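The values are calculated or read from the model by the stated rules, or taken from the named source; none is laboratory data. Being a predicted model, the structure only gives us computed values, none of them experimental. Counting neighbours? That spans all protein chains shown, and the Cβs are built from the backbone with ideal geometry, glycine included.
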Amino acid sequence: MGAKAAYLDDRGVIAVAGAEAASFLHGLFTNDVQHLDAGDARFAALLTPQGKIIVDFLVVRADDADGPRFLIDCPAALAGELARKLMLYRLRARLDIADRSADLGVVAHWDGAPPQGAWRDPRAEGLGWRRIAPRVEISGLGDSGYEAHRIARGVPRGGIDFPYGDAFPHDANMDRIRGVDFKKGCYVGQEVVSRMQHRGAARKRVVPVSFPGAAPAAGTEIFAGDVVIGAMGAAAGGRGLALLRIDKAEGAGLTCGGAALTADLRGFESL
């Protein structure tokens, strides 16, 4: 049986090419792309100087006949902003930056053998593979359950499971799903992220949750007693993800939308 596939129409693609592309991106992103091999991908983010996530993404090295090239698989709604921010940082670096979201799209594959041209999604074992291709070739694939698959693997989705612009990498479990290289050296926001890592100061985390009946809507507040300690994220098949104050959730009876909610506070530790 071939791998399942889903056309992710909410994803965009940024292309960064040129002799200095690797060193340029390496100096900005939370992960090491300087040593990325052709056909391999890394999970990373661009942060504010205060260490909060502007946008997270997957970066694949896809060199062509003209030389080094990187494709960034990012949220389509933020592709233009990401391209603009990269242009601002470019200065005199010898590279080209282009938003290719209009013509290139992203497909997720999982279960079974990966198709030709796909690369492994590094965020979690069993999550599967991704492929970037012309939108006209992949737009008919539809969604065959990828959202439930992602949730089951405990992989957060920015803008749904955590807010862009107001979450640290640790909040989104990027330290646990291979999104931060703590040995790579400087990048935008690095001092804040390193301090949180060394102090063990993360108070919020995206954690797996379960609930009886219908799923609470994303964004619904989660209570421990009368105190709001987080918000619901995406859900499917009786399971979901939620951003919680983990220090407030331990041993507490949680509710969301008036219904009981169970949080697996150990679930994110195995990611």
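Within the range 63-83, track down each residue that is surrounded by 15 or more Cβ atoms within 10 Å (Cβ to Cβ), out of contact with any Lys or Arg (no Cβ under 8 Å at 6 or more places or on another chain) and charged (D, E, K, R). Of everything in the range 63-83, just one residue is surrounded by 15 or more Cβ atoms within 10 Å (Cβ to Cβ), out of contact with any Lys or Arg (no Cβ under 8 Å at 6 or more places or on another chain) and charged (D, E, K, R), namely GLU81. Please work out if GLY126 is surrounded by fewer than 16 Cβ atoms within 10 Å (Cβ to Cβ), touching a residue at least 40 places away in the same chain (Cβ under 8 Å) and either among the charged types (D, E, K, R) or more than 22 Å from LEU25 (Cβ to Cβ) (or both). No; evaluated as a whole, the condition is false for this residue. In the condition set (1) crowded, with 22+ Cβ neighbours inside 10 Å; (2) aliphatic (A, V, I, L, M); (3) touching a residue at least 60 places away in the same chain (Cβ under 8 Å); (4) not assigned by TED's automatic domain parsing to the domain that holds ALA15, VAL209 is compliant with all but (3). All conditions in (1) touching a Lys or Arg at 6+ places or on another chain (Cβ under 6 Å); (2) at pLDDT 95 or above; (3) not aromatic (Phe, Trp, Tyr) hold for SER144, with the sole exception of (2). Those residues that are among the hydroxyl-bearing types (Ser, Thr, Tyr) and part of a helix (DSSP H, G or I), I need them from the range 106-152; list them, please. Within the range 106-152, TYR146 is the sole residue that qualifies.
Screening the candidates ALA172, ALA167, ALA148 for the property of being touching a residue at least 60 places away in the same chain (Cβ under 8 Å) and in the same structural domain as VAL59 (by TED's automatic domain parsing) yields one hit, ALA148.
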